[in-house]
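The values are calculated or read from the model by the stated rules, or taken from the named source; none is laboratory data. Every value quoted in this text rests on a predicted model; they were computed, and no experiment measured them. No Cβ is skipped: glycine too gets one built from the backbone with ideal geometry, and neighbour counts run over all protein chains shown. To get the accessible areas, we keep the full protein, side chains included, count just its heavy atoms, and leave off ligands, DNA and RNA. Shrake-Rupley method; radii C 1.70, N 1.55, O 1.52, S 1.80 Å.
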Amino acid sequence: MAYETISLDATPGGIAVITLNRPEKHNAFNAIVIEELTDAIETLTEQTTIRMVILRGNGPSFSAGADLEWMKAAASYSRHENEEDAFKLAEMLRKLAALPQMTVALVHGAVMGGGAGLVAACDVAVAMKDTKFRFSEVRLGLTPATISPFVISAIGPRWAKALFVSAESFDAAFAERIGLVQYVVETNEGLLEMEEYLADLASKAAPGAIHDSKRLVQDFAGVAIDQSLSHETAKRIAARRVSDEGKEGLSAFLEKRKPGWAE
């Protein structure tokens, strides 16, 4: 589909870039943004040549959260209509988190509400030092329900609850401390350097192993460590060892060469 609110580009090296492209609205969410992000994510899910997916925002902000006009429209919806509307956002975030590739959010400016949900749903996040974050929903009489599973997974229930109920603004250094982002950089040049660094890491890793590693975290976080879990983890590493990627990786290591996916 032709996009109005985002762009989707890919490099010959297998890096896909989704850019939120409503700079005049600080890349705020509305129904069209969610629909187009969903389409881009579904498209990338099937692209085996894509090794890393980058999410960034055009203009002064990554994303300032929900669009005011969208919120005004939602105020006149029935409860059922509101539920259907919110479900689309929740599913978009779920599909982003489930992408088989390494996903990286590169953020700056304002990262509010749903924008912070996008960050939490990515595998890795890099923020400019002066980025400002907030889960602002309670100030509007709302809750961050659709983004909450991803935020809780990223920063844990204690900090999630504190930031959800207070709607406190926080900076990139604090976001790094609580685990919402992994890296903080000083300049745009630093952001580009981190992009290149992470792309290099993605190119050296087996695509299927990346996907399976993401599933380990999704499936095992919070699960009791018992004999049943031991059996399941043993099954998964055994499957990897006998896979084409596993065999190629071991052969390349023993033969002191690059594996096929890194050439």
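Where the centroid of each part is defined by its Cα atoms, how far is segment 131-202 from segment 211-236 in Å? Computed from Cα coordinates, the inter-centre distance equals 26 Å. May I ask you to work out the translational diffusion coefficient for segment 214-258 at 25 °C, viscosity 0.890 mPa s, via Stokes-Einstein with Rh from the Kirkwood sum over Cα pairs, reported in whole µm²/s? Taking Rh from Cα pairs, D becomes 202 µm²/s. Among 27, 209, 140, flag the residue with its Cα farthest along the positive direction of the charge dipole of the chain, charges on Cβ as +1 for Lys/Arg and -1 for Asp/Glu. Most positive-ward Cα: 209.
Taking every DSSP bridge with both residues inside the chain, close to 25 percent are antiparallel.
Dipole magnitude for the chain: about 780 debye, using +1 per Lys or Arg Cβ and -1 per Asp or Glu Cβ, origin at the Cα centre.
Under the shape rule built on the C-alpha gyration tensor, where the axes satisfy a ≥ b ≥ c, segment 93-134 is oblate, since a/c reaches at least 1.5 while a/b does not exceed b/c. All C-alpha to C-alpha distances of segment 52-174, sorted into 10 Å bins beginning at zero, yield P(r) values of 13, 45, 35, 7, 0 percent in whole numbers. Short to long, the 5 Å bins of the Cα pair-distance histogram for segment 98-163 hold 4, 17, 27, 26, 18, 7, 1, 0 percent of all pairs. For segment 1-126, the gyration tensor built on C-alpha atoms gives a prolate shape. Its axis ratio a/c (a ≥ b ≥ c) is at least 1.5, and a/b is the larger of a/b and b/c.
Size descriptor for segment 5-56, Kirkwood hydrodynamic radius: 11.4 Å (Cα pairs only, one decimal). In the chain, the portion of solvent-accessible area held by carbon and sulfur atoms comes to 56 percent [1.4 Å probe, whole percent, DNA, RNA and ligands not counted]. When the alpha carbon coordinates of the chain are projected onto the principal axes, the ranges are 62, 44, 37 Å, largest first. Among beta bridges from DSSP that stay inside segment 106-222, the antiparallel ones total about 20%. Amide H to amide H, with H built 1.01 Å from N, residue 184 comes under 5 Å of 127, counting only residues 5 or more places away or on other chains.
Taking a sphere under 13 Å around the Cβ of residue 78 and counting the other residues whose Cβ falls inside, with K and R at +1 and D and E at -1, yields a net charge of -3. Farthest towards the positive end of the charge dipole of segment 50-106, among the residues 61, 77, 99, is the Cα of 99, using unit charges on the Cβ of Lys, Arg, Asp and Glu.
Pairs from the table (161/235; 95/204; 132/161; 129/161; 25/88; 132/204) lying more than 27 angstrom apart at Cα are 161/235; 132/204. Computed from the C-beta positions of residue 193 and residue 94 and an R0 of 35 Å, the FRET efficiency is 0.70 to the nearest 0.05.
When only alpha carbons are used to place a centre, segment 66-103 and segment 247-263 end up 42 Å from one another. Only DSSP H runs of four or more residues enter the estimate; each adds -39500 (n - 2.57), and after division by the residues of the chain the mean residue ellipticity at 222 nm equals -15500 deg cm²/dmol. Among 122, 170, 160, which residue has its Cα furthest toward the positive end of the charge dipole of segment 105-252, with +1 on Lys/Arg Cβ and -1 on Asp/Glu Cβ? After comparing all options, I get 160. Sorting 96-103, 111-118, 2-9, 186-193 by their mean Cβ neighbour count within 10 Å, with the most densely packed peptide first, gives 111-118, 96-103, 2-9, 186-193.
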